[in-house]
Every structure is written in structure tokens, then in C-alpha cells.
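Derivation of every value follows stated rules applied to the coordinates shown; laboratory data play no part. Worth saying up front: this structure is predicted, and the values here are computed from it rather than measured. Quick reminder, even Gly has a Cβ in these numbers, built from the backbone with ideal geometry, and neighbours come from all protein chains shown.
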Ligand SMILES: [Zn+2]
């Protein structure tokens, strides 16, 4: 009658998942038992054990051996990405402020056209899924209608999105700004009311950065944070030196950039700061005390020449990875993990593979305060995972065959990762993206 009573699937694969920032679990003959009805992981373990246990329980389940030679990872978490910049990758610009003015603001203005916004929303969601990303903290655009369009598209895919209507009311093209601080505040309230908690959408509060908001807008945003203490607040901090100089020149009473956000009541536990490349000791201490988080975006920092963040000095601070599309040139969070690894060596800071895996997954979940639900493959968590298949990559396949330890294998999978290795991406146990290899 077309009714399929089987709502459980047992996947066979090699499985990597983080335990914490220092440890990970690897299952060579791994099994992932997924409950598609509620979208969670019923069990993870050795395939044969899971099969036996499921049979003993009398569970009806389908066996899926499609990925038996591939690697299952938790879905990647992008802690910093811009919706209206989805198709503005590799836009010309010598540095942050010049790139914003000449390439990004004109590009974002096009989002007033709803048809264009819909195309951009679809492009963004597809691009993230094709990179193995299942969750993202997303900066939106000022236009409420374009935000509604994004959420409608995100809802269709089931993507785990944390979008925020962009708040900006000064220092950019007039047509891109909130017409008043009050209007930006009210529209954010409306956006939250309409979308927060709908399907997999959790709205966030997004203020671009200190240079594009008036004191009045920053105060009203602080009011929003009081009203919605459970929502994530995102903004940019200490990305480039020229930006910092401008912020401090505009706020002569503040000693640091973070001091400006603090002054207006925006420095909170719920705050997620993008970049943090040039940090003052005082600011690190403020992050530690408040338990705010950082979204590290190494590919973007390279592209705009903003600098190399000193991650060693941020060791006790919650940290996730962000693509920062469109300043970042790749949607791949693993590519950002790889770049983190190589760049931090220039700071004499070695980041082992377990931590890279953590940063790309569970670290991001902690930043979003969603680590009880996502970020690793554990019983009861959401069945969000991505399948990495290096089979078409002759060099990596050969290296993996010859590799003696699991740590080395993980290292090679990350350091030699190419987005074309992503074979399939699942959210809530359902395949949202796949590319079938020949
Ligand atoms: Zn950004």
C-alpha cells in the first residue's frame, strides 16, 4: 500500500567522531543505527554488534552497505557565514574595508529583488550541504523579506540554520541600511517571532560590526539580547587593523574594540565573535570571564590579508570554525580546519587531528550551545552526518591503505581533504545531498 514500516537504517562505514577537544572515537567496521522517524541516532558501535543487538530486540531495520568503504563524520558546523554573499566568493578587494565597500555592499543590495534572494538562498543551502555542512550560524541581510525567503528555503531542505536579520544603520549605502534603529529592532523581533523554533530553524541576532551601527542601534540590540537571552548573538571583532583603528577613533572613551561592545551591553555569554585576529590581553580575559565564543575563519583571514589569529592564546575560550563566505573562498569547514592547522604552525602552535575534528564539529556545536543535540555521533543525538569518500582520489586512497595508525589516517583525511570527497550529507537521518561516484 506504499507504506514502509521500516524506519530504522543500519549504515556500515568507517566512522570518526569527536569525544572532546583531545579525543576521538574511530570504528573501522563501524555501524550507525539511525531512527528516521525521529531523526536521531539509535546506536553507534561495531556493525556486527549493532546488527546482533537490533535482531535480539526484534527491531525491523534496513541494512545500508553503500558507504562500507567510506568514512562517516558528524555533519560539519559552520560558525560564521553570510547568506547574501553566497555567490560573492573571490570578489575583488585589497583589504576588508575596501572589499566591503566596492564588492560586498553593492552585491548585498541586489537582495532587495526577491527572485534573486531566492536563488541566493538555494545556492547557499546547496553549497553548504555539498561541503558536508549540516548546521550554520548565518549572517543575513537587512531586508526582512529576503530573510523570510531564506527561511522558507531552509525549511524545505531541513537544514539546521541559525540565521539573523542583519542590523546596520550607518556607514554603508543608504539603501542597504535599516531605515532607523527602531525599525531594525522591530524587524528582528518580528523575524524571531515568525521563525525561531520552526523546524530546524533557530534564529540568531546579528549586528554586522561596530562601524555600521549607531549607538542607538547598539543599545536597542542590547535590549534584544535582554529579551532573548537564549538566542545566539553574532558580530565581528578585531578582524583587521584598519577596522580596529576606525572603531577606536569613533569611540575614544573605549580602550579596546570589545570594550565598545561591552559599553553598549553587547558582550554576553550568548555572543559569538567572528575573527578575533588582533586581540588585546584584556579582551581575551573578557571573553574568558563572560564565556563568550569565537568563530575562527582562517581562509577568510588569508583572503583579505587580515592576519593570523593567535589560537594558542584563545585556548580556554569556546571556539568554532567559520567559512565566512564570501570573504572565505571555500564552503568547506574541513578546508578551514586544514588551514587552521598549517597557519597555526607559523605561531608555533601544533593542533593535532583530534582537535581539528573537534573544531569542525563539536566545537561549533558548543559555540551554538547545541552540543547536547549535535556535533558528534552519539546515541540520542541528531542523525546529522556526512560521508567522505576518498576513493576517486588515488593518492589519498593509497596513503590511507599504507597508514599504520588511526591518528595518521584522520590527519590525512583532513589535511588532504578536497570538497569533491564529500559523497553524501544527511540531516535528521535523511539524505539531503549526494553525488554518486562512477
Ligand atoms: Zn563575516
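I need to check one value: relative contact order of the chain, counting alpha carbon pairs closer than 8 Å and at least 6 residues apart, in percent. Could the numbers behind the result be given before it?
Details: 985 pairs, mean separation 87.4, N = 438.
This gives 20 percent for the chain.
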For the chain, compute Rg over Rh where Rg is the Cα radius of gyration and Rh is the Kirkwood radius from the inverse mean 1/r over Cα pairs.
0.98
At what distance in angstrom do the alpha carbon centres of the stretch 86-120 and the stretch 151-222 lie from each other?
17 Å
Compute the separation of the alpha-carbon centres of the stretch 63-80 and the stretch 286-360 and state it in Å as a whole number.
22 Å
Mark the label point 7 Å from the Cα of residue 156 along Cα→Cβ and return the residues of the stretch 105-129 whose backbone N is within less than 13 Å of it.
115-126
Counting only helical runs of four or more DSSP H residues, what would the 222 nm mean residue ellipticity of the chain come to if each run contributes -39,500 (n - 2.57) and the total is spread over all its residues?
-10500 deg cm²/dmol
Treating the angle as unsigned and between 0 and 90°, give the value, to the nearest 10°, between the Cα long axis of helix 181-195 and the longest Cα principal axis of the chain.
20 degrees
If you stretched the chain out fully between residue 399 and residue 6, how much longer would it get, using 0.36 nm times the residue separation minus the C-alpha to C-alpha distance?
137.6 nm
So, relative contact order of the stretch 10-54 in percent, Cα under 8 Å, 6 or more apart, is 33 percent
For residue 55 and residue 19, extending 7 Å from Cα along the Cα-Cβ vector and measuring point to point gives, in nm, a value of 3.0 nm
Relative packing of 174-180, 215-221, which averages over residues the other C-beta atoms within 10 Å, highest first
215-221, 174-180
Shape call for the stretch 108-177, from the Cα gyration tensor axes a ≥ b ≥ c (a/c under 1.5 means rounded, otherwise prolate when a/b beats b/c, else oblate), comes out prolate
Nearest 10 degrees, 0 to 90: helix 47-56 Cα axis against the chain principal axis
70 degrees
Which angle from 0 to 90°, rounded to the nearest 10, does the C-alpha axis of helix 281-290 make with the longest principal axis of the chain?
60 degrees
